[in-house]
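The values are calculated or read from the model by the stated rules, or taken from the named source; none is laboratory data. Values in this document were obtained by computation on a predicted structure and should not be read as measured data. With ideal geometry, Cβ positions are generated from the backbone for all residues, glycine too; neighbour counts draw on all protein chains shown.
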Amino acid sequence: MEIQEHSTDSIITSAMDDRVSIKDSYGRSFNYLRVAVNERCNLRCVYCMPEEGIDFLSSEQLLTTDEMIKVIEILSSAGVNKIRFTGGEPLIRKDIVELVSRTSEISGINSIHMTTNGIFLEEFARPLFDAGLTGLNISLDTLDHQKFIDITRRPGLEKVLNGLQAALEIPYPSVKLNVVAMRDFNQDEIKDFAELTKDKSLIVRFIELMPFDAHQIWKTGKFLGTQKIRDELKKHYPDMKPVSGTATEHHLFHVPGYQGNIGIIPSFTRSLCSNCNRIRLTADGKIRNCLYSDSEYDLMSVLRNFGMDSDIFEIVNHAMLAKPLDGFEAQKNGDHHRESMTQIGG
Ligand code: SAM
Ligand code: SF4
């Protein structure tokens, strides 16, 4: 594997001039920034957040829109062209439409996506599209009303389905449904979810449960691995065919005659780390180089102490150069001081 070594100075000069991507020591390059815009959420998914919530930071401790835009501008100059807004729940951030709109004006950004629980999506689908949003990932783990309440601890299935419908009607260039696959919870709904791809231009993606919740519900036998999900799909669709997907979505299938595709995300099995192209920015202004790593690199203090653009770039570059080989290596060194995926951005 090619080892990339270069001084920050040489990168920043060429990055600003030639749109060179940010690289790590294993030769991966990073053109995709995931921004957690808040930690708060209007749902309480059992695998993500405790019923009572977490120790939320105050709004002054979170990045402002100006600060996020500044980071995106600096990184776009270094080759980042894809942004995802996540959280917490992005649609409860008051200035979310403004954030998308200002991001869409940044030169070099050609894809702006959002991950949302969909509760407020019916209302926001159009304004976000008009502001420049190009893709939506909607999280939904069940199509049953009672099970929706059981998993999210709140009512709202109807609202999410209406939000999905609104996104499909606009239509957004990319609409995906994220389903966290869980044994004895929604294993029996895998076919029902896959059937949504029959007449909808939609990618339904089954995601492995990950061990990131303070209460560790993933230890309760709910984990359902990629192989099992694929076996279940094969049972119902023996002639489904593999198709090519994005870098971290290689398990992508198509049922002949169906409009959409079906994906499996091995987020716990971590078989796609070698394709990783992601930089993560937490709501409190820290860079993380891997979902499974607890190392964080503080941008907030530099942003708030009149740091120069080159200082910001240097922190991101330093963080990504320190990226571990894969999620297993990253986890070895971790002490898991974050209580919920909402603090990392999923
Ligand atoms: N609130 C938004 C939503 O739910 O789409 C965005 C933030 S949420 C943290 C992002 C994604 O992370 C969601 O698709 C959610 O299902 C997933 N997620 C959260 N905790 C998880 C866990 N322990 N294992 C697997 N996926 C998880
Ligand atoms: Fe909220 Fe998303 Fe976490 Fe569910 S997964 S509690 S919707 S942040």
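When 335, 311 are checked against the criterion of being over 17 Å from the mean Cα position of the chain (by Cα), acidic (Asp, Glu), at pLDDT below 90 and away from ligand 1 (no atom under 16 Å from the Cβ), 335 stands alone in meeting it. Highlighted here are the helices (runs of 4 or more DSSP H) found entirely within the stretch 73-172 that include at least 3 residues which are among the hydroxyl-bearing types (Ser, Thr, Tyr), within 28 Å of residue 21 (Cα to Cα) and at pLDDT 95 or above: 96-104. When residues in the stretch 173-210 are screened for being among the hydrophobic types (A, V, I, L, M, F, W, C), more than 15 Å from ligand 1 (Cβ to nearest atom) and part of a helix (DSSP H, G or I), 2 of them pass. The number of residues in the stretch 228-239 that are surrounded by 12 or more Cβ atoms within 10 Å (Cβ to Cβ) and not hydrophobic (A, V, I, L, M, F, W, C) comes to 6.
Kindly evaluate residue 119 against the criterion of being within 13 Å of ligand 1 (Cβ to nearest atom) and in contact with an Asp or Glu (Cβ under 8 Å, 6 or more places away or on another chain). Spelling it out, residue 119 is indeed within 13 Å of ligand 1 (Cβ to nearest atom) and in contact with an Asp or Glu (Cβ under 8 Å, 6 or more places away or on another chain).
Any residue at all in the stretch 38-45 that is at pLDDT below 95 and in a helix (DSSP H, G or I)? No. Of all residues in the stretch 12-20, none satisfies being at pLDDT 90 or above and either assigned to a strand (DSSP E or B) or surrounded by 14 or more Cβ atoms within 10 Å (Cβ to Cβ) (or both).
For first residues located in the stretch 171-198 and among the basic types (Lys, Arg), partners that are not in a loop (DSSP other than H, G, I, E, B) and lie 6+ apart or on another chain with Cβ distances below 6 Å form the pairs 176/137; 176/203; 176/205; 191/236. Just one of the numbered conditions (1) touching a Gly at 6+ places or on another chain (Cβ under 8 Å); (2) more than 16 Å from ligand 1 (Cβ to nearest atom); (3) closer than 17 Å to residue 45 by Cβ is not true of residue 146: (1).
Give the residues of the stretch 34-51 that are near ligand 1 (Cβ under 10 Å from one of its atoms), under 20 Å from residue 287 (Cα atoms) and buried (at least 22 other Cβ atoms within 10 Å of the Cβ), sorted by residue number. Selection gives 36, 37, 38, 39.
Can you confirm whether the stretch 116-123 contains a residue that is over 27 Å from residue 53 (Cβ atoms) and over 20 Å from the mean Cα position of the chain (by Cα)? Scanning the stretch 116-123 turns up no residue that is over 27 Å from residue 53 (Cβ atoms) and over 20 Å from the mean Cα position of the chain (by Cα). Annotation: residue 180 fulfils all but one of (1) loosely packed, with under 15 Cβ neighbours inside 10 Å; (2) farther than 17 Å from residue 92 by Cβ; the unmet one is (1). Identify all residues within the stretch 201-222 that are more than 16 Å from ligand 2 (Cβ to nearest atom), touching an Asp or Glu at 6+ places or on another chain (Cβ under 9 Å) and modelled with pLDDT under 90; write none if there are none. Within the stretch 201-222, just 221 meets the criteria. Annotation note: Cβ proximity below 7 Å between a residue of the stretch 286-297 that is in a loop (DSSP other than H, G, I, E, B) and of a type in the set (A, V, I, L, M) and a residue that is surrounded by fewer than 22 Cβ atoms within 10 Å (Cβ to Cβ) and at pLDDT 90 or above (sequence gap 6+ or interchain) occurs for no pair.
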